[in-house]
Amino acid sequence: THSMDFDDTWHPATHPSGAVLPALLAASQMLPPNTKPNGLEFLLAFNVGLEVQGRLMHFSTEAHDIPKRFHPPSVVGTLGSAAAAAKLLSLSSAQCCHALGIAASLAGAPMANAATQAKPLHVGNATRLGLEAALLAARGMEANPLILDDIPGCSGFSAFYSVYHPKPLPAPGQHHEFLLEKQDIAFKRFPAHLGMHWVVDAALSVRNLFVNYAGSFSPSLIRTIVLKIPVSKYINRPFPSSEHQARHSFQFNACAALLDGEVGLGSFSESSIQRQELRELLDKVVVEHPEDNVANFDKMYGEVALLLHSGDVLTGKCDTFYGHWRKPLSKESLLKKFRSNASHVLPEEKIEAIITLVDNLENLSDSSQL
């Protein structure tokens, strides 16, 4: 789910679905025929998995910024997977508690592996190890029941996120508002790190200005390309040399958008990355970090300015890209993305059958059909 960096994102930053959905699919297949969860039970467990991830991240101010130490899905995703699986398997409250404690011992992967083939493994491990934690708890394994509390002098979940202040949830029977009711998920329009979507939209905006100005996109007229981006070392990559590095490069994505008028699956092929005209554009890039452009997916912006040899300056800026939780994709755009991706591996009739199944998930009698 994460190998192309094309999965959904959230704020505070994580990839919520990829860590939960495969665990629930596996658990649904694993259960005996007479105990298969229905679609509503599947949806509730999925929401629990997302809720746990979001709540844990909201308890830490550090988690609200672009990550520096741990890749979030490897931390909160593992606990979200455990919580979702525990719910689907109908574990007792004590077993659920132990499942989260076990999951905490299996969580965590460093950000140094971003932009490598190891990064998708973080999400794969999160979903696998979370399910494993729930299964171990179901079979009697115990862990620290206070693992999510803030206990001075004893590192629990706070080992992953500093400035950690957990808050109790409403007691059973009291009103509980799910985080998904208050904030949408972000769905990417192209397969790259979320931060790239700001600079691509800004680059496409200034490209339109340039075409209106010059009649066509002529790189020879450009003296300097100025990117105004937040400080985030692992996605500031001037000359990426691999597919995964290109997905994590402000510079590459801005220049690809300028050159091609779009960013898509083909943008990250080796032949596309190594193009001479793209390399020549990358040579013109200068990066600036304005103080008001903070490394936070809820507050950052992307700005691309073209300084022309004529002395003119053209500027494009993006505060909220199309697909952001403040500007979510339409159902039509979401289906277009799904059909495009699925067409590489499935025939059309199966793609449409999946869409119908998911659209009516709450009426499904056996969620293992997924």
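The table that follows gives values for the structure above.
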| item | result |
| --- | --- |
| Some residue of segment 305-324 being of a type in the set (Phe, Trp, Tyr), open to solvent by 20 Å² or more (accessible area, probe 1.4 Å) and either over 22 Å from the mean Cα position of the chain (by Cα) or over 19 Å from Arg247 (Cα atoms) (or both) | no |
| Test: residue in segment 339-360 that is touching a residue at least 60 places away in the same chain (Cβ under 8 Å) and over 22 Å from the mean Cα position of the chain (by Cα) | yes |
| Identity of the residue in segment 74-93, over 19 Å from Pro166 (Cα atoms) and part of a helix (DSSP H, G or I), that ends up nearest to the chain's Cα centre (by Cα) | Ser74 |
| Wholly enclosed helices (runs of 4 or more DSSP H) of segment 193-292 bearing at least 1 residues touching a Phe, Trp or Tyr at 6+ places or on another chain (Cβ under 8 Å), in contact (Cβ under 8 Å) with a residue 40 or more places away in the chain and outside the structural domain of Arg339 (by the TED database) | 196-214, 243-246, 250-260, 276-282 |
| Residue in segment 75-98 that is open to solvent by 20 Å² or more (accessible area, probe 1.4 Å), farther than 23 Å from Lys182 by Cα and in contact with a Gly (Cβ under 8 Å, 6 or more places away or on another chain) present | no |
| Residue selected from segment 229-248 under the condition closer than 19 Å to Pro290 by Cβ and surrounded by fewer than 18 Cβ atoms within 10 Å (Cβ to Cβ), by the criterion farthest from the chain's Cα centre (by Cα) | Pro238 |
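So that you can scan it fast, the table gives a plain yes or no per residue for (1) under 23 Å from the mean Cα position of the chain (by Cα); (2) open to solvent by less than 60 Å² (accessible area, probe 1.4 Å):
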{"position": "Phe250", "(1), (2)": "yes, yes"}
{"position": "Ser271", "(1), (2)": "no, no"}
{"position": "Gln274", "(1), (2)": "no, no"}
{"position": "Lys284", "(1), (2)": "no, yes"}
{"position": "Asn293", "(1), (2)": "yes, yes"}
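The values are calculated or read from the model by the stated rules, or taken from the named source; none is laboratory data. These figures come from a predicted structure and were not determined experimentally. Note that each Cβ is placed from the backbone with ideal geometry, even for glycine, and that neighbours are counted across all protein chains shown. We work out accessible area using only protein heavy atoms, side chains counted, and drop any ligands, DNA or RNA first. Shrake-Rupley method; radii C 1.70, N 1.55, O 1.52, S 1.80 Å.
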